[in-house]
Structures are given as C-alpha cells and as structure tokens.
Amino acid sequence: KNKMTKAAAFAATTAAAAAVPRAKSNTDRPIDICVFGCTGNAGRAVAFHAVRCGQQNNKKLTIGLAGRSRAKVQTALEGILAELSLQPEDVSYEIVVADVTDDASMLAMAETSCVVIGCAGPYGRYGEATVKACVEGGAHYVDITGEVPWVERMITDYDEKAKANGVTLLPFAGYDCIPSELSLYLAGTALESSGKDEDAVLGQINLAFQNKGGGFPRGTLNTILDSFEGKAPSRRPQDKHFYSGDYRPTAKAALAPSTFLFPQWSTAAGQYTGPNFMAAINVPILCRAAPEMGFANSNLVITDRSVVSGRPSFFNGYGLVPTQLYISALLVSGIALVLPPVRWWLRRKLQSYSYGGDPSGQVMVHAEAICAKKSDRIATAKLTVPGEAGIYATGLFAAATANALHQSVSSGGTSVSLPPAGFHTPVAALHNVRPGLLVDSLTSLGATVLVKGIDDQPIRSKL
C-alpha cells in the first residue's frame, strides 16, 4: 500500500509542485549573493567560492561579505583576492556590517541582498537571526547547518511566513547534505528514466563516501559538544517533523545500532565500509527529499557508509581491517565525549583552534540505485568534488547552491519554473527549475559527475 506506480508518482509530484507557493524574484537588489559570517573558517571558504561564482557569470555578480567587524571582513576579502590572484577592481563586492544581536543590521543586510548564505554557527546559538531577517527582508536563504532539530524549529516558526513572502530557504547546503541528496536524485532518476517501464521504481539507495584529507571545522566541534551537554536545540512539542511519518521505518532501519557497530560490504565502493557518522543528518534529508523528487516508495532502503581503507586489497581484507579499527576509534571517541573532563579539555582547545581547510583534499561519493522489483536493475552515480569535506568542499557546495538559487529567481521564467517558497532541501527545491542547473553550478567550480543507467551507459544529468 505504500508503493505507487511511476505514472502515479509523477502525477502526484507534479500536482503537489503546482500547488506550492513559489519564490519571488528579487534580483533588483544591489547584492546578488551575500555571505554572512565570512570571517570564520567555513564562512571564508563559502566566500572564496562565491567570489569564484561571481567571476564566472556573463554578468559579474556582486558578492556581499558580511560580519560583525568591518576590519575582519576586509582582511578576509584581501586574503581571498590574493588567493585568486585578483585585484579589488576585478571584483564587484560590498562589505556589510551585521551582527546577530542587532536586528536592524541583519534586516538591512537581507533587504539589500537577493540570496544570503548564513555561515554563523553553531546554528542553535546564532542561526535564527539570519533566518528571521531573510524571511522579513525578502532575501532567499542558504546555509551549511547539519542541525536537524534546529531546522525543524525554524520550519515551525518561519515556514508559513516565508511562503507568504515568497522566500525560499535551503538549509543543509554544505557537505551536510548536498552529496547524499544529489546522489539520490542522480542515481534514482537514472534508474527510473532508463527503466522505461512501471517496474523501474527506486527501492534502495546505497551511498559510500570516500574522503581524502580533512579536519573538523570549529563550528562542527562546538555543535557536537553542545549536543553531548544538552545545549543544542531539542524538539518542542509543537515542532513539525522534518519528514513524513511514512518514512520513519526507513530512517529507523538506516540508523539502527547494528549499522554503526559492524563493517558492511559495499558493492558501490567494492570493499568493506564503516558507518558514516554523518548518516544521522543525511538520512532525514533523504527521507524528506525522496517523495518531493517523485521517488514515492516509503519502503525505500537507505545505506550510508564510509570508505576508510583507500585502495582495497587482499592484505587489508578488502577494507575489513581498517574499517574495524575505524569503528573501534569511533566507539572510544563517543565514550570519551560522555566524560565531562574530556569535554572541558576540548572546549579549552577550541578557544585557540582553527582549521582553514585543504584544497588538495577530495570528496568522492559512490551511489547505487536499485530497482524495488528487479534487484539486478542498477543505476549508478559518482560525484567527485575538490577539497576536504568540512571546509573547502562545504564552501563549494554552498556557493554553488546559492549561485543556482540566484539563477533560478533571476531567469525570468514562469512561476512553475521558480523554486518553491518556504523551507526545502536544496536538491529537491532546485531539481525542477532548469535541467542541469545545480550540476552545472557545481561543475563550474571543479566538481565532476558521472551517471550511468541500468545499461551501464553514461547519461547526462537532468538536474
């Protein structure tokens, strides 16, 4: 009873899309994309890639760099220009002074911007001011949060007003969770479009993440510590659930303790894999995005794994040995964080900790979409992005999403081709706007995408 035919799913998705309030165009504003919180490590990476986006358009975009201190924002700008070998006159930019404790400054930033990327975290502490300002000031919004309970709270408090004001809000636009959501869409669409019959319905999505280089962003570490200490936002009784109750069995199975305790073989990666500790964020996003993309199967199976061994071989048990060591390290780390002295020590270290990212790193995602009725029908997608996950690649994902959102509200198309207003996951919101919109934005910044249908032949993404 939880399954629909492809035709019924398409019809239901199309009807639902037509009924959704749409974003309003606001491209007459002086700033095209504004990066708030650009002086932090992740915010600077977002600003770096936003400036790159601004240089690639036929008409240069005006990039806003915003923060509490004009001097620190100016320093960040100078560093970005030097890294890109640009002079100030080569770039159209504005420096904006805004502070989350000053509502007037936040509203002024929003009212002068088409799209705002909120990078001030942890979002449970500092994120709401940017959401509120964008909803009230009519600026479309992107962020790099991974805090699902916080987003549920924001949806409860601001979604209806955002829809009324024609404002689109796209949280989770960094490493949490563009790679997983994009892989779901690319592989799932390849399966169903190349199946050419009613049986080609997505039944399982397998993800395997393989990262080179990296370190933890300071904001992420603070968010983890806040969650252990009960300081992170928790669900209120009135908060809306992030995804439909129909998909709770899917999420429960994907996040079962056994998935975190034991290695699993991944046909997508061709080796044993460990748990992806980001699965707790990725899985809710996929459960919300799947029906919005037209994958109407609430019996969907999700596996979200990490490749930790590099090249598999007989000598490392095809990834089994390093994977078991990785799982042991995760368990020890989790136990250690329960101890107050360990968290106190980490808090002290974080006061002087800084990690600026690694452009030489790499994020790679292998995805398999398996047919629900015929398990031998498999489509695949492979996404490769330069830079390590936490800073450089996160900045690339967020800037590409903001660039695609800006294009979508400035294309002058029909109301149906505009993104939906209100809170949405980024890929689900943008997938019907224009074929290739987000993929083109990502590849212009160095990402590569390879999608193969069930006949193992490469196909062009239609995202």
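The values are calculated or read from the model by the stated rules, or taken from the named source; none is laboratory data. Nothing here was measured: the structure is a model prediction, and the numbers come from that model. Cβ atoms come from the backbone with ideal geometry, glycine included; neighbour counts cover every protein chain shown. Side chains included, ligands, DNA and RNA excluded: accessible areas come from the protein's heavy atoms. Shrake-Rupley method; radii C 1.70, N 1.55, O 1.52, S 1.80 Å.
Ordering 205-212, 262-269 by mean Cβ neighbour count within 10 Å, with the highest value first, yields 205-212, 262-269. Extension gain for the segment VAL321 to LYS212, taken as residue separation times 0.36 nm less the Cα-Cα distance, is 37.4 nm to one decimal.
Simple point charges give the picture: +1 on the Cβ of Lys and Arg, -1 on the Cβ of Asp and Glu, and for the range 94-148 a dipole about the Cα centre of about 120 debye.
Taken one residue at a time, the phi angles of the range 115-127 give Karplus couplings (6.51, -1.76, 1.60, θ = phi - 60°) of 10, 10, 9, x, 10, 8, x, x, 5, x, 9, 10, x Hz. Gly and Pro are set to x.
For the range 212-226, backbone phi angles converted through the Karplus equation (6.51, -1.76, 1.60; θ = phi - 60°) give residue-by-residue couplings of 10, x, x, x, 7, x, 4, x, 5, 4, 5, 5, 4, 5, 4 Hz, Gly and Pro being listed as x. Scoring 296-309, 63-76 by mean Cβ neighbours within 10 Å over their residues and listing the highest first yields 296-309, 63-76.
Under a 5 Å amide H cut-off, with hydrogens placed 1.01 Å from N, GLY422 pairs with LYS163, VAL167, THR168, LEU169 among residues at least 5 apart or on other chains.
Secondary structure note: in the chain, about 50% of the DSSP beta bridges are antiparallel.
Among 357-368, 379-390, the peptide with the highest mean count of other Cβ atoms within 10 Å heads the list, and the full ranking is 379-390, 357-368. Carbon and sulfur together cover what percent of the accessible area of the chain at a 1.4 Å probe radius? Here it works out to 56 percent. How many angstrom separate the Cα center of the range 118-179 from the Cα center of the range 195-243? Here the two parts' Cα centres lie 15 Å apart. Matching the structure-derived Cα extents along the principal axes in Å against the labelled list (i) 86, 54, 39; (ii) 58, 50, 49; (iii) 56, 56, 49 gives the label (iii). Shown in residue order for the range 398-407 are the 3J(HN,Hα) couplings computed by the Karplus curve 6.51 cos²θ - 1.76 cosθ + 1.60 at θ = phi - 60°: 5, 5, 5, 5, 5, 5, 5, 5, 4, 4 Hz (x for Gly and Pro).
Surface exposure of the chain, expressed per residue as accessible area with a 1.4 Å probe, stands at 42 Å².
Past 20 Å, Cα to Cα, is the threshold; run LYS374/LYS452; LYS72/LYS231; LYS212/LYS349; LYS132/LYS163; LYS59/LYS132 against it and keep the listed order. Over 20 Å Cα-Cα: LYS72/LYS231; LYS212/LYS349; LYS59/LYS132.
Annotation: amide H-H contacts under 5 Å for GLY387 (H modelled 1.01 Å from N, sequence separation of 5 or more, or interchain): GLY361, GLN362, VAL363. Please say if the range 276-398 is rounded, prolate or oblate, where rounded means a/c under 1.5 for a ≥ b ≥ c the square roots of the C-alpha gyration tensor eigenvalues, and otherwise the choice is prolate for a/b larger than b/c and oblate otherwise? Taking the square roots of the gyration eigenvalues as a ≥ b ≥ c, the range 276-398 is prolate. In terms of Cα atoms, the Rg and Dmax of the range 158-246 work out to 18.3, 51 Å.
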